[in-house]
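Structure first, commentary second.
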Amino acid sequence: MHLFLEYTILGLVTGAVYGIAASGLVLTYTTSGIFNFAQGAMAMFAAFTYWQFRFGWNWPAPLALFMVIVVLAPLAGTILYGGIMRGLRNTAEVTKIVVTIGIMLGLIALAQWIWNPGVPRTDQLFFGGAAKFTVFGVDVTDHEAIALGCGVLIAIGIRLLFKSTRTGVAMRAVVDNTDLLQLNGGRPERLAAFSWALGAGLAALAGVLITPISGGTLDVHVLTLLVLDSIAAAVFGRLRSIWWTFGGALVLGLAGTYVLGYFPPTWSWASNFRIALPMIVLFVVLLVLPQDRLRGATVQRTRERFTVPTLPSALTWGVILIAVVLLLEPIMGAADMGALTVGITYSIIALSLTLLTGYGGEINLAPVSFGAIATIIVFHLGLTGNGTAQRITLWGILLGIAVTAVVGGLIALPALRLRGLYLALATLAFGVFVSDMVIADIAPHILPIFHVHFSIFPNGALQIPPPKVGPIDLNSPKTFLTVSTILFVVIGVGLIALRRSNYGRRLTAMKDSPAAAATLGQNLIRLKLSVFMLSAAIAGLGGILLSSVSANVNANTFIIFVSLALVMLTVVGGIGSVAGALMGGLLAGTGFTALTSTFSNLATDHGGGGIWNVLANLSLVAPALIGVSLGRSPSGAVPDIVANYRPLWRVKSVLALGVAAEVVVYLLVLTKVMGNWWLVLATAAIAIALPAIGKAVDPDAFRAPAAPLVAATSAQMPAAAARSDGVPAVQGAVDAHT
Amino acid sequence: MPTLEVTEVCMAFGGAQVLSNVSISVPPGHVTGLIGPNGAGKTTLFNVVSGLLAPKSGQITMEGRDITKAGPAARARRGLARTYQRLELFTSLTVRDNIRVAGEIRNTWGRRGRIDVKAETERIIELVGLADVADREVSEIPTARARVVEVARALMTQPRVLLLDEPASGQTEQETEDFGKLLRQLVSEREIAICLVEHDVSLVMGTCELIHVLDYGQIIASGTPDDVKNDPAVVNAYLGAP
């Protein structure tokens, strides 16, 4: 009984902190329509900042708390809203998600830059561990009591804010109908900024409270994920009810401590299970949530614009890509080729996102985790031979892909009835689950029926040999690179063909207007399920190749942040195009890694040259900065680049000049007159100079083509859509926050 | 027997009653009008009939079969199609592909009644008069014509019942006249049942044989154009004194 009470109190305290973080999520989501994936990272950053003030600079605790929770965090929240979130109106769900993921990854990189992860840091309980009192014979520290008190106060406070104040009522109106609120004299902008300030403050409070309770060690990833767990509580409240959110948070907290207390210690997976529990709960909650109703006219015209190339043009560019890679192979060393191959395999995984998100409008936040599933299948069932002669078989690859597709279907099925955001959350839960339970299953245990020792991820590291299919052996880096590139092109062109087929048009229809597609007789769930499974299969293939080219994979290969970075960079490249997937994959797999290691090497070579270290760290933060800037150009970089170069077709002389210059440089590098880096530099210089030269030679070709009709009607369509039938506004407000 | 029969349907959003005991019938081979002032609940009724909203109570039958519990796609497969007052076009597709994809969706229903999508697309484009803009992006054409794209898209599924939500708003007088002719042609050639929500009184009076009038979520009158025109309640609520 004593033990039970102890676990109950600990569970309630953890639950209260989850509740605080989750209520911040609900608050920002209901007022700005943006689900803040960075909530966990904000909490983490606040915990570090508090440590800096309190223990780094020895400020008194009240001052440090005041600065972090009341001054800095709300300030940061306001700036985030004003500087970034406000620009996301009329963008697709995926753009909004990716921007907050960018902030998350940016804060993680920044924290690792400011607070060297090699130095251990611990936060202590408020008033120390000795300050405690006894309830029913159980010791409760003052810190725990404070956390519980904060939770209760905040639950009541937010409830009162929503129900009883003018500001709160207006905040609920923002999401339902911003235009209507504005017409009635409300100030949606100011309200949303206020909610972001409040949300950031709550994140900071959660971060500062939870660190000492969970052991006190400050770890960037652990803290971020810990608070990210509170998403489960927010979903419990259907992202709008504060009561249910706090209820869910308490269930989470209690379940976690009871598992810790009452699962037999002989169950080796119990501790992994406890860590994965919030994500398992999230998944279960998604199973039981009632179906969203299809609302007409919820999809306003988004700003993203994608054009689909014709098949001949796609084929031409595919051949050009293969040719470029073949030309590069003779001048690259094995290490360079390996790095480029990693990028290409990431690009293949990114193609799964082009299909799912770009064409189908659904979101998968854990594509690399699907790659992990395929890798594990191949490791256990798809290998042949021994030692250096060991290879992946064709059947192994096919089995890995098939299993991944089926797993993908099972993961997606419960969320397909719901809004796109919920599918994104389900995949996030899956990604964290794979890390916490599947890949963490490293110690052998005895299988019940077969009585053999088995672990899913033996010793935490898998050796994955190269594949061999018939006469094609990917043992040499050169063959691996060539074959991966050809596979990318085949899948990429295949996707474009698919998009132009009747299946692709139905996908587009579902993405543009689910309501219209349904009332024309399209079974939405079946279509979503098929596209998700196909996409998971592609991610599986890419994952097998990625693991194989990396040769040695471990928990870090498949950590959720790798997936998130890939998703973000693919959206940055352009989620609607195959070229965007190539760019995203290369940036995630090759680009920024290469930059970081180059700068780090320079720093070591030059005896700790500060500037190189700064640049190395900057290139870690850079991807996040680019991700955050998406609000300005939500269609991604590739359409911008294409628009920039397209007029060059009409200035053939300049184009020929550019190609000639590139050929000369290439030949000089090939004959070893110049080093490899010159090719990179010269190509960059030519790429930048060419449009400028073209413009100087023939300004007419570069003049923007007149498109008055587009501008006129795209202004007209939202206006037509804004003719409200007056109904949804009432409906949404009434059933909210009950 | 009417093709579409709505019986005693009630619908509320929170505390606001938007449809109370609404009963209408839409017979085959005729255009049936549904008129009433803004906010009367016409679009909500369409949403209930097409399965986007579930009614609180009441029954909806099509050709004698109860479809109250069926989802939107299942109703479409029974032969129901609709257009939207707030346009729900597939904005990434051209006009032709918007229409074509509806046929392609129709062909996923099963082997029975499969259509030749390509030929049917061209036939319907010709029928509704969209040939001159067929290859344009659907977001580039004027709203009045975009509404016709919605009609064409609905026709591609070969419906038995067609719900049209203000299809003619924004059209010129000539366009409206042609549109009325098109509706009469559709009902007489294919024996389909059309329910038309429209504010253009002359179009409604000229094409409909039966008119239901909705006000504050209640049917206040049903009958022939002449009955309705002279009904004092309708004059008071919607038409105004002549």
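The values are calculated or read from the model by the stated rules, or taken from the named source; none is laboratory data. The model shown is predicted, which means the values in this text are computed figures rather than measured ones. So basically every Cβ, Gly included, is an ideal-geometry build from the backbone, and we count neighbours across all protein chains shown.
Give me the residue from region A:549-570 that is among the polar types (S, T, N, Q) and surrounded by 24 or more Cβ atoms within 10 Å (Cβ to Cβ) and, out of that set, nearest to the chain's Cα centre (by Cα). Result: A:Ser563.
Candidates A:Val438, A:Val490, A:Val469: the one that is surrounded by fewer than 23 Cβ atoms within 10 Å (Cβ to Cβ) and either under 22 Å from A:Leu586 (Cα atoms) or touching a strand residue (DSSP E or B) at 6+ places or on another chain (Cβ under 8 Å) (or both) is A:Val490. Can you spot a residue in region A:661-679 that is farther than 20 Å from A:Pro330 by Cα, of a type in the set (Gly, Ala, Ser) and without any contact (Cβ under 8 Å) to a residue 40 or more places away in the chain? Checked against the condition, which is being farther than 20 Å from A:Pro330 by Cα, of a type in the set (Gly, Ala, Ser) and without any contact (Cβ under 8 Å) to a residue 40 or more places away in the chain, region A:661-679 yields no hits at all. For region B:6-44, filtering for residues that are of a type in the set (D, E, K, R) and part of a strand (DSSP E or B) leaves 1. Scan region A:191-208 and tell me whether some residue there is farther than 28 Å from A:His445 by Cα and modelled with pLDDT under 90. Within region A:191-208, one or more residues are farther than 28 Å from A:His445 by Cα and modelled with pLDDT under 90.
If you go through region B:184-194 and keep only what is in contact (Cβ under 8 Å) with a residue 12 or more places away in the chain and either farther than 16 Å from B:Arg78 by Cα or in a helix (DSSP H, G or I) (or both), you end up with B:Arg184, B:Leu186, B:Val187, B:Ser188. Only residues that are in contact (Cβ under 8 Å) with a residue 40 or more places away in the chain, more than 9 Å from chain A (Cβ to nearest Cβ) and either buried (at least 20 other Cβ atoms within 10 Å of the Cβ) or within 22 Å of A:Gly358 (Cβ to Cβ) (or both) were counted in region B:104-127, giving 0.
For region A:73-126, a residue qualifies if it is within 22 Å of A:Leu218 (Cβ to Cβ) and without any contact (Cβ under 8 Å) to a residue 24 or more places away in the chain, and the qualifying residues are A:Asn116, A:Gly118, A:Val119.
A single member of B:Val101, B:Val48, B:Val133 is of a type in the set (A, V, I, L, M) and more than 11 Å from chain A (Cβ to nearest Cβ), and it is B:Val48. Exactly one residue out of A:Ala637, A:Ala603 is at pLDDT below 85, closer than 30 Å to A:Gly318 by Cβ and not assigned by TED's automatic domain parsing to the domain that holds A:Ile363, and it is A:Ala637.
Could you go through region B:86-98 and let me know if any residue there is surrounded by 22 or more Cβ atoms within 10 Å (Cβ to Cβ), within 13 Å of chain A (Cβ to nearest Cβ), out of contact with any helix residue (DSSP H, G or I) (no Cβ under 7 Å at 6 or more places or on another chain) and farther than 17 Å from A:Leu524 by Cα. Within region B:86-98 (the criterion being surrounded by 22 or more Cβ atoms within 10 Å (Cβ to Cβ), within 13 Å of chain A (Cβ to nearest Cβ), out of contact with any helix residue (DSSP H, G or I) (no Cβ under 7 Å at 6 or more places or on another chain) and farther than 17 Å from A:Leu524 by Cα), the answer is no, since none of the residues qualifies.
In region B:47-155, counting only helices (runs of 4 or more DSSP H) that sit wholly within it, the ones holding 2 or more residues that are of a type in the set (Gly, Ala, Ser) and under 17 Å from the mean Cα position of the chain (by Cα) span B:72-77.
Residues in region A:651-682 that are among the aliphatic types (A, V, I, L, M) and within 13 Å of A:Ile693 (Cα to Cα): A:Val651, A:Val654, A:Leu655, A:Ala656, A:Leu657. If you take the residues of region B:146-178 that are basic (Lys, Arg) and surrounded by 21 or more Cβ atoms within 10 Å (Cβ to Cβ), which of them is nearest to B:Arg77 (Cα to Cα)? This residue is B:Arg153. Would you check which residues across region B:1-44 are within 11 Å of another protein chain (Cβ to nearest Cβ), within 21 Å of A:Leu520 (Cα to Cα) and not polar (S, T, N, Q) and list them? Passing the criteria: only B:Lys42. The residues in region A:397-421 that are surrounded by fewer than 22 Cβ atoms within 10 Å (Cβ to Cβ) and either of a type in the set (Ser, Thr, Tyr) or touching a strand residue (DSSP E or B) at 6+ places or on another chain (Cβ under 8 Å) (or both) can be counted, and the count is 1. When B:Lys181 is evaluated against the numbered criteria (1) surrounded by fewer than 17 Cβ atoms within 10 Å (Cβ to Cβ); (2) part of a helix (DSSP H, G or I); (3) touching a residue at least 12 places away in the same chain (Cβ under 8 Å), which criterion, by number, is the only one it fails? Among (1) surrounded by fewer than 17 Cβ atoms within 10 Å (Cβ to Cβ); (2) part of a helix (DSSP H, G or I); (3) touching a residue at least 12 places away in the same chain (Cβ under 8 Å), the lone unmet condition for B:Lys181 is (3).
If you take just the helices (runs of 4 or more DSSP H) that sit entirely in region A:311-418, which of them hold at least 1 residues that are touching a Pro at 6+ places or on another chain (Cβ under 7 Å)?
A:334-353, A:394-412
With respect to (1) free of Cβ contacts under 8 Å to residues at least 12 places away in the same chain; (2) closer than 26 Å to A:Asp441 by Cα, the lone exception for A:Ala366 is condition (1).
Scanning region A:502-533 for residues that are within 19 Å of A:Phe306 (Cα to Cα), more than 7 Å from chain B (Cβ to nearest Cβ) and at pLDDT below 95 turns up A:Met510, A:Lys511, A:Pro514.
A:Leu355 meets all of the listed conditions (1) touching a Lys or Arg at 6+ places or on another chain (Cβ under 9 Å); (2) surrounded by fewer than 23 Cβ atoms within 10 Å (Cβ to Cβ); (3) under 26 Å from A:Gly580 (Cα atoms) but one, namely (2).
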